[in-house]
Amino acid sequence: MYVGFVLVLWPYVESSGPLYLSDEPQFFGFEDDLNSVSSVQGNPMVVTSPSASESKAIGCQNQDYVRWNLGTPSRTLDFGFKIFWTKLPKEAKESLIVGEIWGEDYSGSWQDIFSTNLFCDRSGYRLWCLWTGVPTGHDRCISSDIVSGLETNRWYSIRMTADLKKGTYRVYMDGVLLASLTDIVVPDDVYIDFIRLGGGVRGEADFITYFDDVFISFLGPMPPDQQWSVQITSSIKESTNPYGVVNVDSNDNLTVNALQISGYVFNVWIFDGIDYSSNSTITIPAQSKGTQHALYAVFTNTNPKLISTYNWLPFQLIGLIIIGIGGYLLWVHKKQES
């Protein structure tokens with residue numbers, strides 16, 4: 001008599017650890033499914049269509065969320081993503097969260113630092129507002145002309161910036177500043193701890209919202225009065241002219257050059273999370289005074305190192321070894337019986 005056994009190999013699911021912010025933006029798509037997020041709530045779906053770029057996006061329906069935790073709490077944040085609405089609120093008291101920035105106090109209670117959502121009031125009139133609950137509630141609504149022009153079944157680029165040191169929160173869409181909350185007195189012990197995207201929905205209807213192309217970084221320093229600023233970074237250090245934080249007079253444009261770097265070729269400029277131009281020299285038109293922007297130069301290595309396509313995980317190796325030993329013992333047992 002011999003004893004058989006069944007070896008079960010569970011799929012290896014990796015989730016991202018906390019994010020550590022830097023001046024250079026970190027970009028997240030969903031090509032690796034949910035491996036780039038810190039945690040999920042509900043059942044967010046990885047989908048192949050619609051996708052803003054490459055081949056995958058994430059779909060969230062009613063209370064589905066994806067979340068990124070910050071390894072070190074921050075007082076500033078530059079956070080952007082692409083969003084695709086399949087349905088917009090149209091009935092009284094329906095609402096739909098667009099993006100959320102949260103903190104945690106010493107007891108672990110969540111602090112609603114900055115969020116923006118679409119909703120219908122009691123009369124069924126659609127609004128889109130910015131909100132902060134720290135230290136008390138403040139809100140600001142986006143122009144009704146913008147809200148009435150929103151479309152479903154297309155991608156928009158959303159950017160949310162938070163500067164707790166200055167008490168300033170802003171929302172941009174497709175590179176255009178929509179609205180700001182300013183002069184909020186934020187206590188010194190309040191920090192940003194995590195951000196969320198998902199289907200924060202109220203109302204009877206089912207809303208499915210898709211997200212893609214997330215970027216996260218520190219927010220550059222506030223410019224002096226009557227100026228706007230750009231924080232210029234690159235995938236290759238100091239490969240642009242100028243480089244670093246540049247303050248520009250309110251009515252002036254800014255011209256930036258990508259330098260020639262041995263072993264690399266310039267690919268694209270990303271301005272406030274949006275692909276801006278593939279020309280090595282660009283001119284950014286004057287922006288709203290007091291606003292902070294981010295410009296990132298992407299270079300491609302002309303001699304990339306070959307990386308093996310096989311990624312054998314330890315549990316898989318152990319499983320293969322056990323299967324091999326089991327097969328060998330079974331062969332020996334049958335050999336002895338014969």
Under a 5 Å amide H to amide H cut-off, with H placed in plane at 1.01 Å, what residues pair with residue 259 once short-range neighbours are removed?
240, 241
The long-range amide H neighbours of residue 37, using H built 1.01 Å from N in the peptide plane and a cut-off of under 5 Å, are 16
Sketch the reach of a paramagnetic label on residue 265 as a point 7 Å from Cα along Cα-to-Cβ, and name the residues of region 222-248 whose backbone nitrogen lies under 18 Å away.
235-236
Along Cα→Cβ, 7 Å out, is where each label goes; now give me the distance between the ones at residue 152 and residue 202 in nm to one decimal.
2.1 nm
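Starting with the highest mean, order 143-151, 234-242 by the number of other Cβ atoms within 10 Å, averaged over the residues of each peptide. The partial results should precede the final answer.
Values: 143-151: 11.1, 234-242: 15.9.
Top of the packing list down: 234-242, 143-151.
If R₀ is 41 angstrom, what is the calculated FRET efficiency for the pair residue 72 and residue 251, using the beta carbon separation as r and rounding to 0.05?
Details: r = 37 Å, r/R0 = 0.91.
E between residue 72 and residue 251, to the nearest 0.05, is 0.65.
For the chain, what is the calculated [θ] at 222 nm in deg cm²/dmol (nearest 500), taking -39500 (n - 2.57) for each run of four or more DSSP H residues and dividing by its residue count? Please list the in-between numbers first.
Values: 2 runs with 29 residues, N = 338.
After summing the helix terms and dividing by the residues of the chain, the value is -3000 deg cm²/dmol.
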Relative to the first principal axis of the alpha-carbon coordinates of the chain, what is the inclination of helix 314-337, with its axis defined by its Cα atoms, in degrees from 0 to 90 and to the nearest 10?
10 degrees
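Using only alpha carbon pairs under 8 Å that are at least six residues apart, calculate the relative contact order of the chain and give it in whole percent.
Values: 791 pairs, mean separation 62.3, N = 338.
In percent, rounded to a whole number, it is 18.
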Using a 7 Å offset from Cα along Cα-Cβ at residue 27, what residues in region 235-254 end up with backbone N under 11 Å from the label point?
235
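Pairs 56/289; 165/289; 165/237; 93/165: which are spaced more than 29 Å apart, C-alpha to C-alpha? Show your work: numbers first, answer last.
Details: 56/289 37 Å; 165/289 18 Å; 165/237 27 Å; 93/165 34 Å.
Cα-Cα > 29 Å for 56/289; 93/165; rest within.
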Determine how many Å³ per residue the convex hull of the Cα atoms of region 116-169 encloses.
95 Å³
Between residue 289 and residue 93, how many nm apart are label points set 7 Å from Cα along the C-beta direction?
4.5 nm
Once phi for every residue in region 259-274 is put through the Karplus expression 6.51 cos²θ - 1.76 cosθ + 1.60 (θ = phi - 60°), the whole-Hz ³J(HN,Hα) values, with Gly and Pro written as x, are 7, 7, 10, 4, x, 9, 10, 5, 10, 7, 8, 10, 10, 6, x, 10
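Nearest 20 debye, what's the magnitude of the dipole of the chain about its Cα centre given +1 on Lys and Arg Cβ and -1 on Asp and Glu Cβ? Display every interim value, and only then the final one.
Numbers: 22 positive and 36 negative charges, 129 e Å.
It comes to approximately 620 debye.
Compute the Cα gyration tensor for region 227-301, then decide on rounded, prolate or oblate, letting a ≥ b ≥ c be the square roots of its eigenvalues: rounded whenever a/c is under 1.5, prolate when a/b is larger than b/c in the other cases, and oblate in all that remain. Before the final figure, lay out each step's value.
On the way: a/c = 2.20, a/b = 2.03, b/c = 1.09.
Prolate.
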HN-Hα J in Hz across region 81-95 - Karplus 6.51, -1.76, 1.60, θ = phi - 60°, x for Gly and Pro
6, 9, 10, 9, 8, 9, 7, 10, x, 9, 10, 4, 6, 7, 8
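Let me make sure I get this right: for region 23-118, a, b and c are the square roots of the gyration tensor eigenvalues over alpha carbons, sorted descending. Under 1.5 in a/c it's rounded, otherwise prolate if a/b > b/c, else oblate. Which is it?
Values: a/c = 1.75, a/b = 1.14, b/c = 1.54.
Oblate, because a/c is 1.5 or more while a/b does not exceed b/c.
With charges only on Cβ, +1 for K and R and -1 for D and E, what is the dipole size of region 26-217 about its Cα centre, in debye, rounded to 20? Show your work: numbers first, answer last.
Details: 17 positive and 26 negative charges, 79 e Å.
Rounded to the nearest 20 debye, it is 380 debye.
Taking the Cβ-Cβ separation of residue 174 and residue 235 as r and a Förster radius of 41 Å, what is the calculated FRET efficiency to the nearest 0.05?
Calculated transfer efficiency: 0.95.
Every number in this text was worked out from the coordinates using simple rules, so none of it is lab data. Please read all numbers here as calculations on a predicted model, not as lab measurements. In this analysis, Cβ positions are derived from the backbone assuming ideal geometry, glycine residues included, and neighbour counts consider all displayed protein chains.
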